[in-house]
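Please treat every number below as a calculation from the coordinates, not as lab data. Not measured: the values here are computed from a predicted model. Neighbour counts run over all protein chains shown; Cβ positions are idealised from the backbone, glycine included.
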Amino acid sequence: MKPDPQEYRFDPITEENRTEIIDLFNYYIENSFAAYPEQKFPYDFFSLFLDSCRNYPSVVAKLPTGTIAGFGMLRAHNPMPAFRHTAEITYFIRPDWTGKGLGTEMLGYLETAGKTQGITTILASISSLNEGSIRFHARHGFSECGRFVKVGMKKGVTFDTVWMQKFI
C-alpha cells in the first residue's frame, strides 16, 4: 500500500530534527537489532549524523503536524576518492509507519538524489537478525554481496552483518 504523498513531505535533515531523529534511533537501539548500539545515544550524537551525510542526500518524512515519520541518508562508504561513487544507506521509520510504503518512497528519493550526485552503488549493512530489512532490500533490487559471521553482539546475542548492494 503506497502512502498518500499528502500525508507527509520530504525535507533534508537539519539541526531542527535533532530530538526526533535521536529519539527514533534510540527506539530502535532499545527495541531491535536494526540499530547496532546497545545503549541509547545522547542528543549530541546528532552532530555525527549531520557530519556523516554532509554532501550526500538526506531525508526526513514529515507529517502535516510537523512530526517526523522517518529519516534516511546516504553517506560515504569510504572517504577515499576511489570510492566516491559508492554510498551507504541508513534509514529508520516510526513503527506505526512501517509496512505502509514509506520506506520504498524514501529509498526512491535517496536513489534519485544519489544518482544526480554521481552515486552508482548503494550498500546496506544489516543485522542478520533484522530479517524484515533483509527482505525489504531484496524486494527493492539489493542483493547480498557479503556477510561477516558472528561479528556483532547485542544484549548477549551474537549476529552476522549482512552486506547488500544495489547498482543505481
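Per-structure values
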quantity: Output for segment 57-93, where each listed residue is aliphatic (A, V, I, L, M) and not in a strand (DSSP E or B); calculated: 63, 80, 82
quantity: Residues (more than 19 Å from residue 159 (Cβ to Cβ) and over 13 Å from the mean Cα position of the chain (by Cα)) located in segment 28-49; calculated: 40, 41, 42, 43, 44, 45, 46, 47, 48
quantity: Every residue from segment 76-114 that is within 27 Å of residue 63 (Cβ to Cβ) and charged (D, E, K, R); calculated: 88, 94, 96, 100, 105, 111
quantity: Qualifying residue in segment 32-46 (condition: crowded, with 17+ Cβ neighbours inside 10 Å, out of contact with any helix residue (DSSP H, G or I) (no Cβ under 9 Å at 6 or more places or on another chain) and either of a type in the set (S, T, N, Q) or within 23 Å of residue 128 (Cβ to Cβ) (or both)); calculated: yes
quantity: Subset of segment 95-120 [touching a strand residue (DSSP E or B) at 6+ places or on another chain (Cβ under 8 Å) and either on the phi > 0 side of the Ramachandran plot or among the charged types (D, E, K, R) (or both)]; calculated: 105, 111
quantity: Failed criterion for residue 96 (all others in (1) of a type outside the set (A, V, I, L, M); (2) surrounded by 11 or more Cβ atoms within 10 Å (Cβ to Cβ); (3) assigned to a helix (DSSP H, G or I) hold); calculated: (2)
